Amino acid sequence: MADSLLTDKNKSDIISALKKNDLKKIISILEKYKTGHAGTAKTKDKRFVIKEIVNHIESNSKNPVKDFFTTGNALCNMEEPAAREIGVSVIWRGYKHSPAKVKKQLLKIADDPNWEVREYAGNAFAAVLEDNTELFDEMLKLTNHPSENVRRALVFSAIGLRNEEGIKKAFTIFEPLMYDDSRYVKKNLGPFILGCYFGNAFPEQVIDQLKKWSKIKDEHVRWNIIMSFNNSFGNKYPEKALDVISMFLNDENKTVKRAVKSTLNHISKRHKDKVLDFRKKHKLI
């Protein structure tokens, strides 16, 4: 299936509806092309709408921040999942107009019943934190939120701090989440955001932090540390990965042992000889 289903006429109609501020018309067009995957339109088509909304407001509004909020808020309150995805991608840009209301919508969308809508919320959490670093303390408090969906969005919020100046704060957000026993949080933290996103971008800083966390005797913390190499990060830095993994070989916890086995098997696909030597050295075979 094509990655975009909107026709040129559809796009023209969307632009015309946008000029009239007819948000319902825009969503009704997208609804014609929703797929069975998540009940929404194609990602490329939703990105087209987001881009057009942002460009329209930036080009025509006398108060863009207010209009980002107003437009995003209206979309976030619609029933259609695609509307909420687009809405949360717009409303964060209006944070300074109405901080409390934007935060309320972000939390609501982060806990949406539709998994794909929650994906867009995670990106919005990262974007709003990147643009408003004063939100750091509030984001940190949310790591104890009762909803695993919101805590998962907090994992993504740290992407807004993925730079030399912000990486230590990102680790501070990660730390309480490293203990989280939610499978949904874990699979997005260690193997994905911590390893793929941060590890590949800042390998030395991440390795140093993983070694500091390795002193923590918690199965979920250790699972996240080990699984942070179960991806391209481990493939790119096999020696460093094996060095960290060696710290947990005597841990008898089943969760930790499974993580070690899984990650060694993963790295072995690209670095068979290195992993074989490692297993022989530590008498794992």
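Looking at the structure I just gave you, is THR35 β-branched (Val, Ile, Thr) and touching a Gly at 6+ places or on another chain (Cβ under 9 Å)?
It is false that THR35 is β-branched (Val, Ile, Thr) and touching a Gly at 6+ places or on another chain (Cβ under 9 Å).
Output the residues belonging to the stretch 138-156 that are assigned to a helix (DSSP H, G or I) and surrounded by fewer than 17 Cβ atoms within 10 Å (Cβ to Cβ).
GLU138, LEU140, LYS141, ASN144, GLU148
Name every residue in the stretch 57-80 that is over 18 Å from PHE125 (Cβ atoms), touching a residue at least 40 places away in the same chain (Cβ under 8 Å) and of a type outside the set (S, T, N, Q), in order of residue number.
ALA74, MET78, GLU80
Check whether at least one residue in the stretch 204-211 is over 22 Å from the mean Cα position of the chain (by Cα) and touching a residue at least 24 places away in the same chain (Cβ under 8 Å), and report yes or no.
Yes, that holds for at least one residue.
Among the residues of the stretch 138-161, is any modelled with pLDDT of 95 or more, farther than 23 Å from MET247 by Cβ and in contact with a Pro (Cβ under 6 Å, 6 or more places away or on another chain)?
yes
Out of the residues in the stretch 1-58 meeting the condition of being under 17 Å from PRO81 (Cβ atoms) and among the acidic types (Asp, Glu), tell me which one is surrounded by the most Cβ atoms within 10 Å (Cβ to Cβ).
The selected residue is ASP45.
Here are the criteria: (1) surrounded by fewer than 16 Cβ atoms within 10 Å (Cβ to Cβ); (2) closer than 19 Å to LYS283 by Cα. Tell me which single one LEU264 does not satisfy.
Against the list (1) surrounded by fewer than 16 Cβ atoms within 10 Å (Cβ to Cβ); (2) closer than 19 Å to LYS283 by Cα, LEU264 comes up short only on (1).
Against the definition (buried (at least 16 other Cβ atoms within 10 Å of the Cβ) and over 29 Å from THR133 (Cα atoms)), how does VAL221 come out, yes or no?
Answer is no for this residue.
Counting only residues that are out of contact with any Pro (no Cβ under 6 Å at 6 or more places or on another chain) and not in a helix (DSSP H, G or I), which one in the stretch 260-285 is nearest to LEU242 (Cα to Cα)?
HIS282
Report, by residue number, each residue of the stretch 170-184 that is of a type outside the set (Gly, Ala, Ser) and buried (at least 18 other Cβ atoms within 10 Å of the Cβ).
Hits for the stretch 170-184 are PHE171, ILE173, PHE174, LEU177, MET178, ASP180.
Restricting the first residue to the stretch 235-259 and requiring it to be assigned to a loop (DSSP other than H, G, I, E, B), which pairs with a second residue that is surrounded by fewer than 18 Cβ atoms within 10 Å (Cβ to Cβ) meet a Cβ separation below 6 Å and a spacing of at least six or different chains?
Between residues of the stretch 235-259 that are assigned to a loop (DSSP other than H, G, I, E, B) and residues that are surrounded by fewer than 18 Cβ atoms within 10 Å (Cβ to Cβ), the close pairs are TYR237/PRO203; LEU249/HIS282; ASN253/GLU219.
Can VAL206 be described as crowded, with 21+ Cβ neighbours inside 10 Å, of a type in the set (Val, Ile, Thr) and under 22 Å from ASN163 (Cα atoms)?
yes
Out of all the residues in the stretch 129-173, which are in contact with a Gly (Cβ under 8 Å, 6 or more places away or on another chain), under 27 Å from ASN114 (Cβ atoms) and among the hydroxyl-bearing types (Ser, Thr, Tyr)?
Within the stretch 129-173, just SER157 meets the criteria.
Considering each of LEU189, LEU135, LEU106 in turn, give the residue that is over 19 Å from SER228 (Cα atoms), in a helix (DSSP H, G or I) and either in contact with a Leu (Cβ under 9 Å, 6 or more places away or on another chain) or modelled with pLDDT under 95 (or both).
Selected residue: LEU135, the only one of LEU189, LEU135, LEU106 that is over 19 Å from SER228 (Cα atoms), in a helix (DSSP H, G or I) and either in contact with a Leu (Cβ under 9 Å, 6 or more places away or on another chain) or modelled with pLDDT under 95 (or both).
Can you tell me how many residues in the stretch 225-244 are surrounded by 24 or more Cβ atoms within 10 Å (Cβ to Cβ) and within 18 Å of LEU284 (Cα to Cα)?
2
The values are calculated or read from the model by the stated rules, or taken from the named source; none is laboratory data. In this text the structure is predicted, and so the values were computed from the model without any measurement. Neighbour counts run over all protein chains shown; Cβ positions are idealised from the backbone, glycine included.
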